[in-house]
Amino acid sequence: MSTIKINIVSSSEEIYSGEATMVFATGTLGELGIAPGHTPLLTGLAPGPVRVQNGNEEEAFFCSGGFLEVQPDLVTVLSDTAERAESLDESEAIKAKEIAEKELSNKDTSIDYAKASAQLAEAVARLKTIQKLRKKQ
Amino acid sequence: MANTKEVRKQIASIKSTQKITSAMEMVAASKMKKTQDTMLEGRPYSLKIKDVISHVALANSEYPHPFYEERKSKKACFIVVSSDKGLCGGLNINLFKQVISKSAELNEQGIDSCFALIGTKASAFFKSVGGEVIAVAEKLGDKPNPDDLIGLTKVVLDMHKNSGIDQAYLCSNGFVNTMTQQPNVEQLIPLAPEEQSESNPSQWDYIYEPEAKELLDGLLTRYIESLVYQAVIENNACEQAAKMIAMKNATDNAGDLIKELELLYNNVRQAAITQELSEIVGGASAV
């Protein structure tokens, strides 16, 4: 089976580097599935999971935004922060979501509304990744 | 002739200085390890984004980004990365010398300079030398947060967008090894085009989701930010390495000084004893 090279990096470390038969990611315009030989593509990433399929094996990563570049034989994910889905802690994610919601609800304080809603979107995406993983197990 | 008490005092004071410098050497050595690790962790991202940018440069894009455009230059901006603390040898001053000479070179071509400064040392230096300072970021610490640099980068990029500047240079120390740090002045804007593109004009272009302009703006801004961030963490590693070497030299020098002073101390003491003895002998024979 033909494969495509995939590299996932965040600004502080290299997350994953390897081969894949299929890559799934959450673009700003919706879910993407990338197979080997895909036409060149450049897109922004929305907070959400990036899944790397190689044969029957699958690995998932959480990505809170960034860029995705596709060349016919290469996928590069430039993530703002990425972490292995296994290391996602659900209670942490729920806590983050609660904090973000609380900050959103008291608008009259000096808290930056845009920042709070971005935090909320990230926390929700994190939770979704965890729940998706749970279902599979 | 110096008396023994004076010499003893001097030895004691140099010894306490030596204690401080040797402690600072050890602190710098342990910090150097950490800052080097941070530097290495940041490298994959900057390498990958460089790859992507070079692909983008090769693509026959529907939207030529202003960062690639060679404009007639009237003004250049230097982003100068320095350390927050001193006592690291000639690290900062060597870099500033290069910046000043590059700025003078541009001045001859009729290009003015302005400066965006990172680190306390740079802001202190350019305050005393003069020069137009457009942005300052200080006290970033040993593990700088990329967010702390966004503001400064944005000031520079906005000025470029409004045609306030036409060129930007990134000036920082490159880490060669523990003993050697290389001051670099690197052109950021306009982005140097890849040479391959001339020999092999490309026909393909990306699919952009959503818009090419929006995406490339975001990507290239992120690229510049990542270069600046990488320069800052590399400069941190340089600072600790240079500090370690400087403090090691200071400790060694203090050791040499102490040796010399101890010799002087023994001479003075011996001279005093001899003098006293000859006085006693002289006194006894007079009686």
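Rule-based calculations on the coordinates, nothing more; no lab input. Note that this is a predicted model, so its numbers are computed, not measured. Positions of Cβ are backbone-derived with ideal geometry, glycine not excepted, and every protein chain shown enters the neighbour counts.
Let me check I've understood the local charge: for A:Val75, count other residues with C-beta under 14 angstrom from its C-beta, Lys and Arg +1, Asp and Glu -1. What total comes out? Provide the component values of the computation, followed by the final result.
Working: positive: A:Lys5, A:Arg51, B:Lys48; negative: A:Glu19, A:Glu59, A:Glu69, A:Asp73, B:Asp51.
It works out to a net charge of -2.
Report the dimensions of the protein assembly as shown along its three principal axes from the alpha-carbon atoms, largest first, rounded to Å.
In descending order, the Cα extents are 114, 60, 55 Å.
Rounded if a/c is under 1.5, else prolate if a/b beats b/c, else oblate: with a ≥ b ≥ c from the C-alpha gyration tensor eigenvalues square-rooted, which is segment A:4-85?
Rounded, because the longest to shortest axis ratio a/c is under 1.5.
Using a Förster radius of 56 Å, what is the FRET efficiency between B:Gln109 and B:Ser278 based on their Cβ-Cβ separation? Nearest 0.05, please. It would help to have the intermediate numbers written out before the result.
Details: r = 77 Å, r/R0 = 1.38.
FRET efficiency, B:Gln109 to B:Ser278: 0.15.
Go through A:Lys102/B:Lys213; A:Lys102/A:Lys132; A:Lys97/B:Lys85; A:Lys95/B:Lys161 and tell me which ones have a Cα-Cα distance over 32 Å in this structure.
Numbers: A:Lys102/B:Lys213 35 Å; A:Lys102/A:Lys132 25 Å; A:Lys97/B:Lys85 39 Å; A:Lys95/B:Lys161 40 Å.
Beyond 32 Å between Cα atoms: A:Lys102/B:Lys213; A:Lys97/B:Lys85; A:Lys95/B:Lys161.
So if I place +1 on the C-beta of Lys and Arg and -1 on the C-beta of Asp and Glu, and nothing else carries charge, what would the dipole magnitude of the protein assembly as shown be about its Cα centre? I want it in debye, nearest 20. Don't skip to the answer; put the middle values down first.
Working: 44 positive and 58 negative charges, 300 e Å.
Taking the Cα centre of the protein assembly as shown as origin, the dipole is about 1440 debye.
Treating cross-link reach as a plain straight distance, find the aspartates and glutamates whose alpha-carbon is under 18 Å from the alpha-carbon of B:Lys5, omitting any fewer than eight places away in the same chain.
B:Glu260, B:Glu262, B:Glu276
May I ask you to list the residues of segment B:232-247 whose amide nitrogen lies under 17 Å from a point 7 Å from Cα along the Cα→beta-carbon direction of B:Asp37?
Within reach of a label on B:Asp37: B:233-234, B:236-238, B:240-241.
What longest region of chain B stays clear of GluC sites (Glu not before Pro) that DSSP places outside H, G, I, E and B and that have at most 14 other Cβ atoms within 10 Å? Don't skip to the answer; put the middle values down first.
Details: sites that count: B:Glu62, B:Glu69, B:Glu70, B:Glu194, B:Glu195, B:Glu211.
The answer is B:71-193.
What average number of partner chain Cβ atoms lie no more than 10 Å from the Cβ of the residues making up A:68-74?
Mean partner-chain Cβ count within 10 Å for A:68-74: 3.
What's the angle, to the nearest 10 degrees (0 to 90), between helix B:212-286's Cα axis and the longest principal axis of chain B?
10 degrees
What fraction of the DSSP beta bridges in the protein assembly as shown is antiparallel, stated in percent and rounded to the nearest 5? Present the calculation step by step, with values, prior to reporting the outcome.
Numbers: 45 of 71 bridges.
Here the antiparallel bridges make up roughly 65 percent for the protein assembly as shown.
Averaged over every viewing direction, what's the projected area of the C-alpha convex hull for segment A:1-46? Give it in nm², one decimal, please. Each step should come with its number before you reach the end.
Working: hull surface 14.3 nm².
That works out to 3.6 nm².
Holding the Cα-Cα limit at 19 Å, pick out from B:Lys121/B:Lys243; B:Lys97/B:Lys143; B:Lys97/B:Lys154 the pairs that are longer than that. Write out the running numbers ahead of the final one.
Numbers: B:Lys121/B:Lys243 14 Å; B:Lys97/B:Lys143 27 Å; B:Lys97/B:Lys154 26 Å.
In this structure, B:Lys97/B:Lys143; B:Lys97/B:Lys154 exceed 19 Å between Cα atoms.
Report the Cα centroid-to-centroid distance between segment A:1-34 and segment B:12-70 in angstrom, as an integer.
A separation of 26 Å, based on Cα centres.
At what distance in angstrom do the alpha carbon centres of segment A:56-73 and segment B:246-284 lie from each other?
When both Cα centres are located, 72 Å separates them.
Anyone know which of B:Lys72, B:Lys34, B:Lys154 comes out most mobile in the 10 Å Cα GNM of chain B?
Judging by the Gaussian network model, the answer is B:Lys72.
Using alpha carbons only, how many degrees (0 to 90, rounded to 10) separate the axis of helix B:4-58 from the longest principal axis of chain B?
Between helix and principal axis, roughly 10 degrees.
What are the aspartates and glutamates whose alpha-carbon lies under 12 Å from the alpha-carbon of B:Lys139, with same-chain residues fewer than 8 places away excluded?
Within reach: B:Asp84, B:Asp148.
With +1 assigned to the C-beta of every Lys and Arg and -1 to the C-beta of every Asp and Glu, and no other charges, what is the dipole magnitude of segment B:131-263 about the Cα centre in debye, to the nearest 20?
Value, rounded to 20: 340 debye.
State whether chain B is rounded, prolate or oblate according to the following rule on the C-alpha gyration tensor (a ≥ b ≥ c being the square roots of its eigenvalues): a/c under 1.5 gives rounded; otherwise a/b larger than b/c gives prolate, and the remaining case gives oblate. Mind dumping the intermediate values first?
Values: a/c = 4.01, a/b = 2.99, b/c = 1.34.
Judged from the Cα gyration tensor, chain B comes out prolate (a/c at least 1.5, a/b above b/c).
Work from the charge dipole of the protein assembly as shown (Cβ charges, +1 for Lys and Arg, -1 for Asp and Glu, about the Cα centre) and give the residue of A:Asn56, B:Met32, B:Ser163 farthest towards its positive end.
B:Met32
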